[in-house]
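The values are calculated or read from the model by the stated rules, or taken from the named source; none is laboratory data. The model shown is predicted, which means the values in this text are computed figures rather than measured ones. Backbone-built Cβ (ideal geometry, glycine too); neighbour counts: all protein chains shown.
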């Protein structure tokens, strides 16, 4: 049984890492979103192995079922040029590699200075609350809305700003002339109507 669980764990982990890599390297943003959905599904499988069914369900329903689909619609509404010169520019590639190198260096520095705090060791020894008396959903909600309530609200504000930004990106400047209702109503008959006497056999010049 343990061997089977380990095999499933490594399967989910490998697919999740490869899918995350494809999210970054894919040229088409729609393909990146589809790979991101694959990451969410495999992450949900890892949560199931950890007996965190609620987190697995939330990851599939909220992220894979709503957020990723929202990203797909936003990308489609933006109507981006996937084959434009900006995507094939060597300068863009060099800038991306430089930013990636800086982030990778920060990650190495962080990992070199990382250590487990005594509080984390205490929580690992005795989870709070006791998971043997409550379900993982109740345990998660108690910790999330007590110890981490401010971080939870901050994350909600960040998501709100991201949503507003996505909506603003879909707005385009109107090219047609907008009608001013007050100006239209203020016009007189002489300004809007012109009578021409047309002779027989002749048109209006």
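Evaluate the following for residue 18: is it buried (at least 16 other Cβ atoms within 10 Å of the Cβ) and either more than 30 Å from residue 134 (Cα to Cα) or modelled with pLDDT of 80 or more (or both)?
No.
Mind listing whichever residues of segment 49-102 are modelled with pLDDT of 75 or more and outside any helix (DSSP H, G or I)?
50, 51, 52, listed by residue number.
Return yes when residue 123 is over 24 Å from residue 163 (Cβ atoms), assigned by TED's automatic domain parsing to the domain that holds residue 163 and either modelled with pLDDT of 80 or more or assigned to a helix (DSSP H, G or I) (or both) and no when it is not.
Spelling it out, residue 123 is indeed over 24 Å from residue 163 (Cβ atoms), assigned by TED's automatic domain parsing to the domain that holds residue 163 and either modelled with pLDDT of 80 or more or assigned to a helix (DSSP H, G or I) (or both).
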